[in-house]
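Reviewing the structure listed below.
The values are calculated or read from the model by the stated rules, or taken from the named source; none is laboratory data. As the structure is a prediction and not an experimental result, all values here were calculated from the model. Every residue, glycine as well, gets a Cβ built from its backbone with ideal geometry; the counts of neighbours run over all protein chains shown. Heads up: the accessible areas ignore ligands, DNA and RNA and are worked out on the full protein's heavy atoms, side chains in. Shrake-Rupley method; radii C 1.70, N 1.55, O 1.52, S 1.80 Å.
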Amino acid sequence: MMRWEESGWDQEDLNKLELSFLNRIFKLEESQGVAATVTFARYLNMVGVNPDNYPVFFRLIAMRNHWVVDAILGKTDPEEYFINVQPNFYIIRECFRGITEVKRGGIYPKSLQIYLGILRRTYSNPLEGYRVFPLDTVNVNNLGKHLNEEKDQKDPLNLDILSILDKVASLISPGKPESDEAIISVATQANNIRGKFLDMTKSLNEAIPDLLLESEDYTKLEIAPGE
């Protein structure tokens, strides 16, 4: 019997082949691929997120498909999903990537909740959070664009975003002069966005570029899982 090593296939080639199929499935371009990804997400939910596997979870959470996200979440509160993983530069970068690569309304609310829960915990101490990931005005603008002006500040998602912006804005204060221009810029913009949203006479387009305020409906981009 011919061994697989003798057939011209080595382990690296097999790994690449397996990965190519997984990548095709994860594109979610067909209902069978969505169904397979949902099953994989359920398996990950059973395994549980931890410091050794969280990058895979981020990949699925970023998929714009609520069936996949619901499967990976199970019954866990989205904002507490990564509670056992210490935030680091990679994690915060992935959070901002997740909210930046979509238009407002283009992200499943539970996915947004996951990102906001991580950011809220990270920047609960603004200076420590800034040391983990020194966010800039682009990050702040892309966070602020997800404020829903059709709802008030008591809306859970709006409340979370406003809370994070408030913490970032507190990087500077009258009693503590700040000389770092980058910190001053990001804190000022966070306060600007928050103020425009809370002022009923103002609009977010007075603080955030119009291009970032374009919207879309994430549900129109989804493919349902097949049998």
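Scan the range 130-137 and give yes if some residue there is within 20 Å of L211 (Cβ to Cβ) and of a type outside the set (V, I, T), otherwise no.
yes
List, please: which pairs have Cβ atoms under 9 Å, are six or more places apart or on different chains, and start with a residue in the range 175-197 that is closer than 20 Å to G144 by Cβ and of a type in the set (A, V, I, L, M) and end with one that is open to solvent by 60 Å² or more (accessible area, probe 1.4 Å) and at pLDDT below 90?
Note: pairs meeting the criteria are I184/E178; A187/E178.
Taking the stated definitions as given, is V47 over 20 Å from the mean Cα position of the chain (by Cα), within 27 Å of R93 (Cβ to Cβ), at pLDDT 75 or above and not hydroxyl-bearing (S, T, Y)?
So V47 fits the description; yes.
Pull up the range 188-218, narrow it to residues that are in a helix (DSSP H, G or I) and of a type in the set (S, T, Y), then point me to the one that is least open to solvent (accessible area, probe 1.4 Å).
Residues of the range 188-218 that are in a helix (DSSP H, G or I), as a first pass: 188-198, 204-206, 210-213, 218.
From what is left, the residues that are of a type in the set (S, T, Y) are 188, 218.
Numbers: T188: 73, Y218: 39 Å².
Restricting to residues being in a helix (DSSP H, G or I) and of a type in the set (S, T, Y), the top hit is Y218.
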